[in-house]
Amino acid sequence: MVKIFKLVKRKIKKVFREFLVYHNSSLEYRAKVITLVLAVNNEISECEEELLKKMALEIYDNDEDRADILVETVKEYFVKIVTNNGLDFEHLIYKVQKETKAVKRFSEKIEIDRLLQFQVCLEDEEDKIYQQRVIGFLKDLKEEHE
């Protein structure tokens, strides 16, 4: 019964996230940044998912509800990219650039050290190089708008 309640609660927050979640735009921005890093190989591995959950709990000081919302938001953006459902990788890059320029404090949400942790989950060298380039782009974007 408790699991059902949590699932329903999460679904309600997902639908009304913009109104119910404190600093929703900040959470959405952070989710977009993380999605860019995870989307390099068109899948979220078990390693990446576990790291994402751990990272979300660290970011939100063990606030499980907020961490769960971040994880779910990343997954939503990821599915949109993979299925080409109104969002592709280039469009997400454009959105992150635009939002970083519009809201300077968002550049603080680009935490390079955290993003680099995802490197351990990739086995393919080409995927690692591509992910490093994406992280390099985000680092430059952060430095440009700090």
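Looking at the stretch 47-104 only, could you name the residues that are basic (Lys, Arg) and free of Cβ contacts under 8 Å to residues at least 60 places away in the same chain?
LYS53, LYS54, ARG66, LYS75, LYS80, LYS98, LYS101, LYS104
Of a type outside the set (S, T, N, Q), under 23 Å from GLU50 (Cα atoms) and surrounded by 18 or more Cβ atoms within 10 Å (Cβ to Cβ): is that true of ILE110 in this structure? For ILE110, the condition - of a type outside the set (S, T, N, Q), under 23 Å from GLU50 (Cα atoms) and surrounded by 18 or more Cβ atoms within 10 Å (Cβ to Cβ) - is met.
Selection over the stretch 64-96 of residues that are over 15 Å from ARG30 (Cβ atoms) and open to solvent by 40 Å² or more (accessible area, probe 1.4 Å) gives a count of 14.
Do you know which residues across the stretch 113-146 are aliphatic (A, V, I, L, M), surrounded by 14 or more Cβ atoms within 10 Å (Cβ to Cβ) and either free of Cβ contacts under 8 Å to residues at least 24 places away in the same chain or part of a helix (DSSP H, G or I) (or both)? It would help to see each step written out before you state the result.
Quick first cut of the stretch 113-146, residues aliphatic (A, V, I, L, M) only: 115-116, 120, 122, 129, 134-135, 138, 141.
From what's left, surrounded by 14 or more Cβ atoms within 10 Å (Cβ to Cβ): 115-116, 122, 134-135, 138, 141.
Answer for the stretch 113-146, where residues must be aliphatic (A, V, I, L, M), surrounded by 14 or more Cβ atoms within 10 Å (Cβ to Cβ) and either free of Cβ contacts under 8 Å to residues at least 24 places away in the same chain or part of a helix (DSSP H, G or I) (or both): LEU115, LEU116, VAL134, ILE135, LEU138, LEU141.
The values are calculated or read from the model by the stated rules, or taken from the named source; none is laboratory data. All values reported here derive from a predicted model rather than from experimental measurement. Every residue, glycine as well, gets a Cβ built from its backbone with ideal geometry; the counts of neighbours run over all protein chains shown. In case anyone asks, the SASA skips ligands and DNA or RNA and just uses the protein heavy atoms, side chains included. Shrake-Rupley method; radii C 1.70, N 1.55, O 1.52, S 1.80 Å.
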